[in-house]
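Right, one structure below, let's go through it.
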Amino acid sequence: MSAESTPRREVVTGEPRRVRPLPRYRAQSEIDEQTALGGAYVRSLMRSQLRAGLTVFAVLALVAGTLPLVFEALHSNAVVWAVLGFATYPPLTLAAWWYVRRAERNERDFARLVEGLPAP
């Protein structure tokens, strides 16, 4: 065979063609269409957010509920004002920090569920 009779080979460097994936079951459409399953997803998110809020409320109510007993046992106005002025802020800050982290994690898990992404 001569060099002229062999066909020349062309190299294509464009974007590879991708096969369109089959339509998948999407939780987002269930929520948008307000089906029973979509309602269950939203109720699950609301239940987890309520659980986090009630947990923080119960802890703070327990701490705040015992403060009058502590104040009665101390019999010192200076200590009472010091506790109310300084010692209450760290627990409040920690409770708020925990609640925000928990709420964001709940929302991130819900978004991952709706988007169909695997759990980490």
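The values are calculated or read from the model by the stated rules, or taken from the named source; none is laboratory data. Because the structure is a prediction, the values reported are computed rather than measured. Note that each Cβ is placed from the backbone with ideal geometry, even for glycine, and that neighbours are counted across all protein chains shown. Calculation scope for accessible area: heavy atoms of the full protein, side chains included, ligands and nucleic acids excluded. Shrake-Rupley method; radii C 1.70, N 1.55, O 1.52, S 1.80 Å.
Surface analysis of the chain yields an accessible area of 87 Å² per residue, using protein heavy atoms and a 1.4 Å probe. Calculated mean residue ellipticity, 222 nm, the chain: -22500 deg cm²/dmol, from DSSP H runs (n ≥ 4) at -39500 (n - 2.57) each, averaged per residue and rounded to 500. When the chain is treated as a GNM, springs tying every alpha-carbon pair under 10 Å, which of Leu74, Leu50, Leu94 comes out with the largest mean-square fluctuation? It is Leu74. Highest average first, the peptides 106-116, 30-40 ordered by how many other beta carbon atoms sit within 10 Å of their residues are 106-116, 30-40. Potential lengthening of the chain between Leu94 and Leu117 amounts to 5.2 nm, from the contour at 0.36 nm per residue minus the alpha-carbon distance.
Across Ala78, Ala95, Ala27, mean-square fluctuation computed from a Gaussian network of the chain (C-alpha pairs under 10 Å connected) peaks at Ala78. Per residue, the average separation of C-alpha pairs within less than 8 Å and at least 6 apart gives the chain a relative contact order of 34 percent.
Rounded to the nearest 10 degrees, the inclination of helix 36-74 to the longest alpha-carbon principal axis of the chain is 30 degrees. Tell me the angle of helix 89-115 to the major Cα principal axis of the chain, expressed in degrees between 0 and 90 and rounded to the nearest ten. It works out to around 30 degrees. Once percent of Cα pairs over 21 Å apart is calculated for the structure shown, the corresponding label among (i) 39; (ii) 62; (iii) 66 turns out to be (iii). Dipole orientation for the chain: of the candidates Ser5, Ala95, Ala58, Ser5 has the Cα lying most toward the positive pole (charges on Cβ; Lys, Arg +1; Asp, Glu -1).
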